[in-house]
Amino acid sequence: MRGKKKTLDLMIAGVGGQGNVSASRIVGTALIEAGYKVSIGETFGMSQRGGAVVSHIRASKELPPPPLIPPMGADIVVGLEPMETLRTVLHYLTPGGTMITSVRPITPPEVNLGQAKYPKVEELLEAMRKLASKVISFDVYELAARAGSLQSANMVILGALSATGKIPCDEELLKKTIAERWPRAKEVNLKAFELGRDEALKQLKGE
Amino acid sequence: MPRHVIGIDEPGRKALLLGNEAVARGVVESGCHVAASYPGTPASEILTTLGLVADELGFYAEWSTNEMTAVEVAIGAALCGLRSFASCKHLGVNWMMDPLMHITYFGLGKGAMVLASGDDPQGWSSANEQDTRLHGYTLELPVLEPSNPQEAKDMTIEAFKISEELHAPVILRLVTRVCHTSADVTFGPIRKIERRPVVFSSFMDAYFKAMMAKKAPIPFLHERIHRDRMPKMREISNNFPYNRLEMDGDEKLGVISTSVCNLYVDEALSVLGLEGKVAHLKMGMSNPLPDRIIAEFVDSLDEVLVVEETEPFVEHNLKALLKDLSPGLKLYGKESGHIPLSGELNTSIVAEALAKITGKPYSRYTQEVSSLIAEYEPKITARLVTLCAGCPHRATFYAAKRALARLSGGKFIGVGDIGCYGLGASPPLMAFHHILCMGGSIGLSNGIAHTGIDVPIIAYIGDSTFFHAGIPSLIDAAYNGAKITVIVMDNGVTAMTGFQPHPATGFTATGRPAKKISIEEICRACGVEFVEVVDPYDLKGTEETILKALEFPGASVVIARRLCATEQVRRWRREGITPKPFIVDPEKCTGCKLCITTFGCPALVWDEEERKTRIDVTLCIGCGVCAQICPSNAIHSPGGD
């Protein structure tokens, strides 16, 4: 038995250094401007040192939401690294929820050392397909490189997120927030955003 | 335009603020004059943010050398009649305890002082789950516990008012999920209080009062706390606007929670469909407990669940109250096993406790999701944190291990310290055996040396940590003749907590130029006769110098100096420079894998199919250290060097 859900819950998964926290603050800022109460739970004590980083973004028209999304509570999960996406999706995605993932692995040190094995990306995607209504997947770094900077991988994923139409703020507001946050990198970031959006739209239409 | 949004005086404005930034805004809205801190996760961003706006708003902010000196700055300013603020992580409060334990007896006179502690349930960025509320109890000072960033700002303002009323410091007890949660915060007006410092004499006044009353001064002052301050504190708690009762009067079950747990309880009640059926006392001030509110709360209830992180602090104090108020009441919490005794809480944990009490069904996962987790979870590997690509510490550890291999066949005892370089304990570096506390690397090494053990002893301590707590034990080493080698891992910033400046960086918390304090001069002044500086990116030179230091017949220091790689990339980015990753020549790479198994930079990736190393261009910063390690000269710069 579960009570009625009062929040929109989005998670961004990745590895420290991928820009996950910046991306979540863009969504949060835009949602506040769209009239929501917002809370973003993040752990970034060690985030720049290659650990797994997950942001819990919660929006509500009523009370301030608690900082962590309960298990199976995320309406949307987006991931910048495929194994990290699955780690989050398994525990948090509402069955039938929306998800987007990058397919380029970032190998953990223990895998390089031969102490652990990185799963096949296809196997990760297969697990995601069992939980999500639709899996949008592509290499964020390929699109970021095309936009002009590998640093813009997080903007690629925001563009794709916007294309799903599942977050209650329009694309222009997100783009405006990005442009204001990093005025000098505006062009590259918006180009990355658009490449991500176009790729996601293409995959959504391809059903 | 201010350097941070918290500097904008626009009441009613909404901004997405980190809990720590919200506290900083609260400090600004309170008209605080002096703020001091030492960085520590999860509380660091409070002073970072204050430092950005201090000059333009006209108050003073500093990064102090450690938490003790920070709180002394705040106490000194408050004694002069100003409003002052200090912040730190929970463990920093231990350093503050000596000055605080005294000022709580003497009082602050006309000034006001707020201390914010960032507690870290779950130890996300700490090696223990210390609960500052117990320090508040020992200090006999009020403890406030905001549940979200908005409350963090608003309760900072309340804390200053309470401090002024009591003439004593007030503790704002934050937790990671408040410090590091971002949320919409609505601004109030920025208060401007004229800075009018006065000459004070509270210490002697207190003594004279005791002597005039013909009493022993210390018990007299302690009694004064119990007689005067405690009843006032209790009254403040009973009237505190953030100690809120939510009940109709016909409930039989109630929940008492504090801090972020207030929100978990709300959501758990909603998930279980129990909204409006369970009474809820949300507490924003937990020391002392609001006895009258609690009496009203338990009056009609049969059962109460206490939800708090991390010690059963409210639970124990509530039990003491219940003995007279309602001895028959059934109390659930940590001691009954409904709430875990350690770790961070969340909505699910609270829902499980409430389900157990009420008999409502609840499970975290459906059957289907449980079986998917069981199938796929084992295939997902752990992802441990590691030193960044290009990290100079990795090169220093590697060089030291080479030196130790030559000197003693790799036998040694190593002790690390608090900072990024703590990660040097993990494979493949395994550079030391223990980490204890700030400055513990040198202190422990001294003790190990005096056992007479016949292996080299090496202590690794960061630059900021050296200033914080390394100097007294280094003096001990020189004075008492401990034969140890200290490596100062000098990466030019307080990197672990977010690249804050320290006494050797040449700039202050507000970004102004400052006197650069020289680590090597301090070491020499401490009496150490072997002090050398090396560049860790020069592996061979570093190895030779560390070997000489290890062979030196007394305490020795090697300062391994090279800017933090992540900070370097940040500075490059500001200048429009992109790093130039190195390349592995697949023709020359023999697949010996030594670069990964002995050095292990995360930019070195093992290609299982080709059985060769390749370099991840998204991570490599082009430091070139791995090129010095490769026995086949297979790694080179993009230019071919």
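Output the residue which, of all residues in the stretch A:149-158 that are of a type in the set (A, V, I, L, M) and under 11 Å from residue A:191 (Cβ atoms), is farthest from the other protein chains (Cβ to nearest Cβ). Break it down into steps so the answer makes sense when it comes.
To start, the set of residues in the stretch A:149-158 that are of a type in the set (A, V, I, L, M) comprises A:150, A:153, A:155-158.
Restricting the remaining residues to those that are under 11 Å from residue A:191 (Cβ atoms) gives A:155-156.
On the way: A:155: 15, A:156: 13 Å.
Out of the qualifying residues, it is A:155.
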Legend entry - Output for the stretch B:274-305, where each listed residue is farther than 18 Å from residue B:238 by Cα, surrounded by 19 or more Cβ atoms within 10 Å (Cβ to Cβ) and within 14 Å of chain A (Cβ to nearest Cβ): B:274, B:278
Inset, instruction - All but one of (1) closer than 19 Å to residue B:67 by Cβ; (2) at pLDDT 95 or above; (3) not aromatic (Phe, Trp, Tyr) hold for residue B:142, so report the exception by its number. - result: (1)
Legend entry - Tally, over the stretch B:1-29, of residues that are of a type in the set (D, E, K, R) and part of a helix (DSSP H, G or I): 3
Inset, instruction - Report yes if some residue within the stretch B:558-579 is more than 30 Å from residue B:638 (Cβ to Cβ) and at pLDDT 95 or above; otherwise report no. - result: yes
Inset, instruction - Give me a count of the residues in the stretch B:30-46 that are assigned to a loop (DSSP other than H, G, I, E, B) and farther than 14 Å from residue B:93 by Cβ. - result: 7
Inset, instruction - With a cut-off of at least 1 residues that are touching a His at 6+ places or on another chain (Cβ under 9 Å), name the strands (runs of 3 or more DSSP E) lying wholly within the stretch A:49-120. - result: A:74-79
Inset, instruction - Give, as residue ranges, the helices (runs of 4 or more DSSP H) completely inside the stretch B:306-417 that count at least 2 residues that are under 30 Å from residue B:491 (Cβ atoms) and within 14 Å of chain A (Cβ to nearest Cβ). - result: B:392-408
Inset, instruction - Hey, could you check the stretch B:402-428 for residues that are hydroxyl-bearing (Ser, Thr, Tyr) and under 18 Å from residue B:126 (Cβ atoms) and say which is surrounded by the fewest Cβ atoms within 10 Å (Cβ to Cβ)? - result: B:426
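Hey, among the residues in the stretch B:1-42 that are within 13 Å of chain A (Cβ to nearest Cβ) and farther than 27 Å from residue A:180 by Cα, which one's surrounded by the fewest Cβ atoms within 10 Å (Cβ to Cβ)?
Looking at residues that are within 13 Å of chain A (Cβ to nearest Cβ) and farther than 27 Å from residue A:180 by Cα, I get B:41.
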Inset, instruction - Kindly list, by first and then second residue, each pair from a residue in the stretch B:365-391 that is free of Cβ contacts under 8 Å to residues at least 24 places away in the same chain and outside the structural domain of residue B:495 (by TED's automatic domain parsing) to a residue that is surrounded by 12 or more Cβ atoms within 10 Å (Cβ to Cβ) and of a type in the set (Ser, Thr, Tyr), limited to pairs with Cβ atoms under 8 Å and residues at least 6 apart or on different chains. - result: B:373/B:365; B:381/A:118
Legend entry - Count of the stretch A:1-16 residues which are modelled with pLDDT of 85 or more and within 9 Å of chain B (Cβ to nearest Cβ): 3
Legend entry - Checking residue A:44 against (1) modelled with pLDDT under 95; (2) under 28 Å from residue B:374 (Cβ atoms); (3) in contact with a His (Cβ under 8 Å, 6 or more places away or on another chain), the condition it does not meet: (2)
Legend entry - Count - residues of the stretch A:126-148 that are more than 8 Å from chain B (Cβ to nearest Cβ) and touching a residue at least 24 places away in the same chain (Cβ under 8 Å): 16
Inset, instruction - Being under 30 Å from residue B:547 (Cα atoms) and not basic (Lys, Arg) narrows it down to one of B:337, B:343, B:390, B:328, so name that one. - result: B:390
Legend entry - Flag if residue A:175 is surrounded by fewer than 22 Cβ atoms within 10 Å (Cβ to Cβ) and out of contact with any His (no Cβ under 6 Å at 6 or more places or on another chain): no
Legend entry - Positions within the stretch B:329-356 being over 17 Å from residue A:68 (Cα atoms) and crowded, with 18+ Cβ neighbours inside 10 Å, in sequence order: B:331, B:332, B:333, B:334, B:338, B:339, B:353, B:354, B:355
Legend entry - Residues satisfying the stated conditions in the stretch B:501-545, i.e. crowded, with 22+ Cβ neighbours inside 10 Å and either assigned by TED's automatic domain parsing to the domain that holds residue B:35 or in a strand (DSSP E or B) (or both): B:534
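Mind checking which strands (runs of 3 or more DSSP E) fall wholly inside the stretch B:47-120 and carry at least 3 residues that are at pLDDT 95 or above and over 29 Å from residue B:206 (Cα atoms)? Walk me through it before giving the result.
Details: elements: B:60-63, B:83-89, B:112-119.
Result: B:60-63.
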Inset, instruction - Kindly list the number of the only condition in (1) among the aliphatic types (A, V, I, L, M); (2) crowded, with 18+ Cβ neighbours inside 10 Å; (3) within 30 Å of residue A:70 (Cα to Cα) that fails for residue B:431. - result: (3)
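Output the residues belonging to the stretch A:96-125 that are within 10 Å of chain B (Cβ to nearest Cβ) and either touching an Asp or Glu at 6+ places or on another chain (Cβ under 7 Å) or among the acidic types (Asp, Glu) (or both). Please lay out each step first, then the result.
Of the residues in the stretch A:96-125, the ones within 10 Å of chain B (Cβ to nearest Cβ) are A:104-120, A:123-124.
Those that are within 10 Å of chain B (Cβ to nearest Cβ) and either touching an Asp or Glu at 6+ places or on another chain (Cβ under 7 Å) or among the acidic types (Asp, Glu) (or both): A:104, A:105, A:106, A:110, A:116, A:123.
So if I check each of A:25, A:58, A:87, A:104, which one is under 30 Å from residue B:186 (Cα atoms), modelled with pLDDT of 90 or more and in contact with a helix residue (DSSP H, G or I) (Cβ under 9 Å, 6 or more places away or on another chain)?
Working: A:58 fails: in contact with a helix residue (DSSP H, G or I) (Cβ under 9 Å, 6 or more places away or on another chain); A:87 fails: under 30 Å from residue B:186 (Cα atoms); A:104 fails: under 30 Å from residue B:186 (Cα atoms).
So the residue among A:25, A:58, A:87, A:104 that is under 30 Å from residue B:186 (Cα atoms), modelled with pLDDT of 90 or more and in contact with a helix residue (DSSP H, G or I) (Cβ under 9 Å, 6 or more places away or on another chain) is A:25.
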Legend entry - Selection within the stretch B:592-639 - on the phi < 0 side of the Ramachandran plot, exposed (fewer than 14 other Cβ atoms within 10 Å of the Cβ) and charged (D, E, K, R): B:608, B:609, B:610
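How many residues are touching a residue at least 40 places away in the same chain (Cβ under 8 Å) and either in contact with a strand residue (DSSP E or B) (Cβ under 8 Å, 6 or more places away or on another chain) or within 8 Å of another protein chain (Cβ to nearest Cβ) (or both) when one looks only at the stretch A:26-44? Walk me through how you get there before you give the answer.
First pass over the stretch A:26-44, keeping only residues touching a residue at least 40 places away in the same chain (Cβ under 8 Å): A:26-27, A:29-31, A:33-34, A:36.
Applying the additional criterion that residues be either in contact with a strand residue (DSSP E or B) (Cβ under 8 Å, 6 or more places away or on another chain) or within 8 Å of another protein chain (Cβ to nearest Cβ) (or both) yields A:27, A:29, A:31, A:36.
Residues that pass the stated criteria total 4.
Yes/no per residue for (1) assigned to a loop (DSSP other than H, G, I, E, B); (2) within 13 Å of chain A (Cβ to nearest Cβ); (3) not aromatic (Phe, Trp, Tyr):
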{"site": "B:560", "(1), (2), (3)": "no, no, yes"}
{"site": "B:573", "(1), (2), (3)": "no, yes, yes"}
{"site": "B:576", "(1), (2), (3)": "yes, yes, yes"}
{"site": "B:595", "(1), (2), (3)": "no, yes, yes"}
{"site": "B:605", "(1), (2), (3)": "no, yes, yes"}
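The values are calculated or read from the model by the stated rules, or taken from the named source; none is laboratory data. Not measured: the values here are computed from a predicted model. We place every Cβ from the backbone using ideal geometry, glycine too, and count neighbours over all the protein chains shown.
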